[in-house]
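What follows is one structure encoded as structure tokens, with my remarks underneath.
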Amino acid sequence: MSSSSSKSAGVITCRAAVAWGPGQPLLLEEVEVDPPSAMEIRIKVVCTSLCRSDVTQWQSQAQPDLFPRIFGHEASGIVESVGEGVTEFQAGDHVLTVFIGECQSCKHCESGKSNMCQKLGLERRGVMHSDQKTRFRVKGKPVYHYCAVSSFSEYTVVHSGCAVKISPDVRMERACLLSCGVAAGIGAAWKVADISKGSTVVIFGLGTVGLSVAQAAKSRGASRIIGVDINPEKYEKGKVFGVTEYINPEECKEPVQQVIKQITDGGADYSFECIGDTNIVSTALQSCCDGWGMTVTLGVPKTKTEISTHYAFLLTGRTLKGSLFGGWRPKSDLPSLVEKYSKGEIQLDELVTHDIPFESINEAFNLMKEGSCLRCVIHMPK
Ligand SMILES: NC(=O)c1ccc[n+]([C@@H]2O[C@H](COP(=O)([O-])OP(=O)(O)OC[C@H]3O[C@@H](n4cnc5c(N)ncnc54)[C@H](O)[C@@H]3O)[C@@H](O)[C@H]2O)c1
Ligand SMILES: [Zn+2]
Ligand SMILES: [Zn+2]
């Protein structure tokens, strides 16, 4: 197959925010970015927001060998050049990156039931899917990728299956939120749980992901949306997204699941874990009702990756489900979410608490560590 667009230029030298070790402040370094290989595209990043998963992975001591590394996976950008065989994109296209791709030809992509693409699924080894190599170098050393996106760089290379074209009319500085967190929350409510009108919903964690579950539950006509968060400041923001009641577990005299059972006559219809704490998965399961109660877990745990709960919760008819990216298949489903944002049917702007220039990217990490932001949008130099 021949390339439909211009052959890519050579190596680009640009600035990237490089993490040299777990939890170490990012340093703006000159990096070399390779041209895109076959079926890849090189993107000039326009905006990239900071997701909790970036911070969790940056702090994690689990993969010390994958440094130096470039994080970032919630991004919008413009295609700079395309690799051999790419016909879907051309230079100048506006795109969102995605951390799980859609090859459109594997068993999962063809099933229509799953977004767990077997070819372009979640990449955990810091390299590109196609050849297990990196496309960045700093001071002559390879720089590892994150989720095969690495958007904390002025230019990055992604597989063409890990990007989705958007209209040039869409606001890039806000649409980047649909690249991960907001899509994950909305999909958990609409696609995974499929919340029905009049339902009672409990959301653990009122960050961007939890508030996106809330706005999606509200639009489905949920009658009660109970937000649980240890940070009382999150309730004010929660109201904007449809949260009707707030519980601070640290102020409860009894375990929070008991409180929820009492105020919901035996438990909620749906509960969502949007914190990234596996202990809360059991709390969430205990907060929903027998018979049809469903818990959807979305958080990415910092520590302790096992969950445990009493078997009886399943015997009594509750369901526990998990999802990445809200179960959406990026190429098939993301364009309709972008359209809903354009029509004002999805709120993104209200989730952005800070706009930050690329040079100050560490400020975004500090704000998220302190819990004093929802999304910080990092603007790359024009
Ligand atoms: N499944 C996916 O596809 C997907 C996508 C994006 C993010 N995530 C994960 O979802 C989680 C939420 O992401 P986010 O960006 O909204 O994070 P965030 O840090 O902005 O929000 C988490 C919220 O949980 C609250 N919290 C922390 N500990 C708590 C506790 N013990 N009890 C109650 N509330 C508590 C915090 O105050 C905060 O408001 C993270 O684990 C993130 O890695 C998953
Ligand atoms: Zn696939
Ligand atoms: Zn994310």
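Observations on the structure shown:
- Of the residues making up the stretch 211-252, those that are of a type in the set (A, V, I, L, M) and within 16 Å of ligand 3 (Cβ to nearest atom) are Leu211, Val213.
- Exactly one residue out of Thr283, Thr278, Thr264, Thr297 is in contact with a Gly (Cβ under 6 Å, 6 or more places away or on another chain) and modelled with pLDDT of 95 or more: that is Thr297.
- Qualifying positions in the stretch 266-303 - touching a Cys at 6+ places or on another chain (Cβ under 8 Å) and of a type outside the set (Ser, Thr, Tyr): Gly266, Gly267, Ala268, Asp269, Met294, Leu298, Gly299
- Boolean, Gly185 is in contact (Cβ under 8 Å) with a residue 24 or more places away in the chain, out of contact with any Asp or Glu (no Cβ under 8 Å at 6 or more places or on another chain), within 18 Å of Cys274 (Cα to Cα) and crowded, with 19+ Cβ neighbours inside 10 Å: yes
- Taken together, Ser336, Ser332 contain a single residue that is without any contact (Cβ under 8 Å) to a residue 12 or more places away in the chain, away from ligand 3 (no atom under 16 Å from the Cβ) and either farther than 21 Å from Val46 by Cβ or part of a helix (DSSP H, G or I) (or both), which is Ser336.
- Out of Glu84, Glu88, Glu74, one residue alone is crowded, with 24+ Cβ neighbours inside 10 Å, touching a residue at least 60 places away in the same chain (Cβ under 8 Å) and of a type in the set (D, E, K, R). It is Glu74.
- Complete set of residues in the stretch 137-182 that are over 26 Å from Ile346 (Cα atoms), within 16 Å of ligand 3 (Cβ to nearest atom) and among the hydrophobic types (A, V, I, L, M, F, W, C): Ala148, Val158
- Test: residue in the stretch 52-62 that is in contact with a helix residue (DSSP H, G or I) (Cβ under 9 Å, 6 or more places away or on another chain), within 16 Å of ligand 2 (Cβ to nearest atom) and outside any strand (DSSP E or B): no
- Among the criteria (1) within 16 Å of ligand 1 (Cβ to nearest atom); (2) on the phi < 0 side of the Ramachandran plot, the one Gly72 does not fulfil is (2).
- Some residue of the stretch 185-206 being assigned to a loop (DSSP other than H, G, I, E, B) and touching a Leu at 6+ places or on another chain (Cβ under 7 Å): no
- With a requirement of 2 or more residues that are touching a helix residue (DSSP H, G or I) at 6+ places or on another chain (Cβ under 7 Å), the helices (runs of 4 or more DSSP H) lying completely within the stretch 255-324 that satisfy it span 256-263, 278-287.
- Residue that is farthest from the chain's Cα centre (by Cα) [pool: residues in the stretch 97-136 that are exposed (fewer than 14 other Cβ atoms within 10 Å of the Cβ) and within 16 Å of ligand 3 (Cβ to nearest atom)]: Arg124
- When restricted to residues that are within 16 Å of ligand 1 (Cβ to nearest atom), among the β-branched types (Val, Ile, Thr) and closer than 23 Å to Glu173 by Cβ, the stretch 90-122 contains 2.
- Figure legend. Inter-residue proximity from the stretch 98-117: first residues on the phi > 0 side of the Ramachandran plot, second residues more than 14 Å from ligand 1 (Cβ to nearest atom), beta-carbon distance below 7 Å, spacing 6+ or different chains. Indicated pairs: Gln104/Lys331.
- Test result for Ser287, surrounded by 18 or more Cβ atoms within 10 Å (Cβ to Cβ), more than 16 Å from ligand 3 (Cβ to nearest atom), more than 20 Å from Lys191 (Cα to Cα) and touching a residue at least 60 places away in the same chain (Cβ under 8 Å): yes
- Screening Ile275, Ile203, Ile225, Ile260 for residues that are buried (at least 23 other Cβ atoms within 10 Å of the Cβ) and more than 24 Å from Leu374 (Cα to Cα) leaves exactly one candidate, Ile260.
- Qualifying residue in the stretch 125-141 (condition: closer than 26 Å to Phe365 by Cα, among the polar types (S, T, N, Q) and within 16 Å of ligand 1 (Cβ to nearest atom)): no
- Matching residues in the stretch 70-96 - criterion: being among the polar types (S, T, N, Q) and either more than 16 Å from ligand 3 (Cβ to nearest atom) or within 16 Å of Met39 (Cα to Cα) (or both): Ser81, Thr87, Gln90
- Counted residues, the stretch 20-44 - those being over 17 Å from Ser81 (Cβ atoms) and either touching a residue at least 60 places away in the same chain (Cβ under 8 Å) or of a type in the set (Phe, Trp, Tyr) (or both): 6
- Filtered by the rule that a residue be in a loop (DSSP other than H, G, I, E, B) and hydrophobic (A, V, I, L, M, F, W, C), the stretch 63-84 gives Phe67, Ile70, Phe71.
The values are calculated or read from the model by the stated rules, or taken from the named source; none is laboratory data. Every value quoted in this text rests on a predicted model; they were computed, and no experiment measured them. Glycine also receives a Cβ, built like all others from the backbone with ideal geometry; neighbour counts cover every protein chain displayed.
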